[in-house]
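Report on the following structure.
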Amino acid sequence: SGCPLHNLVPETNDLIYRGNWKQAYERLEKTHCFPEFTGRVCPALCEAACTCALNGDPVAIKDNEKMIIEHAFQNGWVTAQPPKVRTGKTVAVIGSGPAGLAAALLLNRRGHQVTVFERSDRIGGLLCYGIPNMKLEKDIVERRVRLMKEEGVLFKTGVNVAELQKQFDRVILACGASNPRDIEVPGRDSKNIYFAVDFLSSVTKSLLDQDLKEGTFIPAKGKHVLVIGGGDTGNDCVGTAIRLGAKSVTQLEMMPKPSKERTKSNPWPQWPRTEKTDYGQEEAIAVFGKDPRMYQTTVKEFQKDKNGNVKKAVLVSLEPQKDKKTGRMQMVPVPGSEKVVDANLVLIAAGFTGSQKYVTDAFGVSVDARTNVATKEETYETNVPGVFAAGDVRRGQSLVVWAIQEGKQAAK
């Protein structure tokens, strides 16, 4: 239940304890391509599974991992490893997120000529535009990309998918789960309602290109911001909105508030379904004096002003109820629980629903019921010979650490 990369954590921890930093790096590098990414943004599945977490606090594995790789960079141990022999085989990787980068790194080191295609203007996928700078500085991503270029990986930005099967011996689709889940309620057509990824991308791009010059990003200054979604992306929206000068921030979470401690049905070493206060919520508490989250709540309707801008949101409380047909628990509205809140900027962080149709159509690959690209069991190969899939486009919205493992396995 720990790290999907199968890092040998006790070994690296022991090497740090003994002061053998170079050996710790060499041990970590055997299983992990990009510890500088996960050491900053991973929710640390390893710590949830740490034996010390059974009766207390786990070892700070994530921080150890980050320090190992940064120590290695500072001491010049992380160097380009171009292949000594080229195979003459070519591979196209569509998407430059963690899955695409991991696959490209490994395939290039095997001697194949790899070209990574990215539709955006910068390499990194969600590492670049989906994760705010305060969580992952973009020079960390650029540092790794420079090394990969030295090793011989080719990168092409601003390029959308095309007919590539005839130009390359193999193709890997690693373009993520890019369809944001929408909120279908009256007033959804109001202005100033955005998907979270569009908001975060606009801020990061403006920061990198124009140092947050006014008018170059979706503004939050002086606005009542409503964030719909209680996950990591929603938390990033909360933190970003506060740093941009929001007047207030409210975050909606459909599910009940988790318990502070593990329940009997959620024992170690399972992932702890306990209350977590992330940096965005901590900053909201510090700035506004209260936690921004409203549990068991969703939007019933948006209200707009005379110019069509969203001005208020009608919220409704939810309660768990068992569906009579399926037997599953569902969150259903509580009659008469409506309340109205100010909302000048709404950010929808309700997750993603799968691959984008134009991508799957372009390559003729099959998709499953969730619109994720379907692959043969254990092979990562699609129904189209020579076309593979890895990461969120194959497994659905997930974690950076899983994307890296998927990229590695697809390359294999």
Segment 232-342: antiparallel bridges as % of DSSP beta bridges, rounded to 5, reads 80 percent
antiparallel share of DSSP beta bridges within the chain, to nearest 5, in %, is 35 percent
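Report the relative contact order of the chain, percent, no decimals, based on alpha-carbon pairs under 8 angstrom and at least 6 residues apart.
With pairs under 8 Å counted, the relative contact order is 19 percent.
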Dividing the mean separation of Cα pairs under 8 Å (6+ apart) by the residue count of segment 176-335 yields a relative contact order in percent of 21 percent
Excluding ligands, DNA and RNA, the carbon-plus-sulfur percentage of the accessible area of segment 127-273 with a 1.4 Å probe reads 52 percent
Excluding ligands, DNA and RNA, the carbon-plus-sulfur percentage of the accessible area of segment 24-118 with a 1.4 Å probe reads 50 percent
Under 5 Å from the placed amide H of K312, counting only residues 5+ away or on other chains, we find Q303, A343
So the FRET efficiency between Y279 and T31, C-beta based with R0 = 22 Å and rounded to 0.05, is 0.20
Between the alpha carbon centres of segment 374-412 and segment 157-202 the gap in Å comes to 18 Å
A chain fully extended from A374 to H71 at 0.36 nm per residue, minus the present Cα-Cα distance, gains in nm 105.1 nm
The answer for the per residue Cα convex hull volume of segment 38-161, in Å³, is 127 Å³
Of the listed links K62/K149; K311/K357; K62/K290; K138/K166, those spanning more than 31 angstrom between alpha carbons are K311/K357; K138/K166
Burial-style ranking of 5-11, 65-71, average other-beta-carbon count within 10 Å with highest first, yields 65-71, 5-11
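For K247 and K191 in the same chain, what is the full-extension length gain: residue separation times 0.36 nm, less their Cα-Cα distance, in nm?
Using 0.36 nm per residue and subtracting the Cα-Cα distance, I get 18.3 nm.
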Output ordering of 197-206, 166-175 (per-residue mean of other Cβ within 10 Å, highest first) is 166-175, 197-206
Per-residue ellipticity at 222 nm attributable to helices in the chain (runs of n ≥ 4 DSSP H, -39500 (n - 2.57) apiece, nearest 500 deg cm²/dmol) works out to -9500 deg cm²/dmol
Taking Lys and Arg as +1 and Asp and Glu as -1, residues besides D291 with C-beta under 12 Å from its C-beta add up to -1
Simple spin-label estimate for Q321/D182, 7 Å along Cα→Cβ, in nm, reads 2.6 nm
With every protein chain kept in place and a 1.4 Å probe, segment 1-78 has an accessible area per residue in Å² of 49 Å²
Taking R0 as 45 Å and r as the Cβ-Cβ distance between A362 and C52, the FRET efficiency 1/(1 + (r/R0)^6), rounded to the nearest 0.05, comes to 0.40
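The values are calculated or read from the model by the stated rules, or taken from the named source; none is laboratory data. Note that this is a predicted model, so its numbers are computed, not measured. FYI the Cβ positions are ideal-geometry reconstructions off the backbone, even for glycines, and counts take in every protein chain you see. Keep in mind that these areas ignore ligands, DNA and RNA; they rest on the heavy atoms of the full protein, side chains included. Shrake-Rupley method; radii C 1.70, N 1.55, O 1.52, S 1.80 Å.
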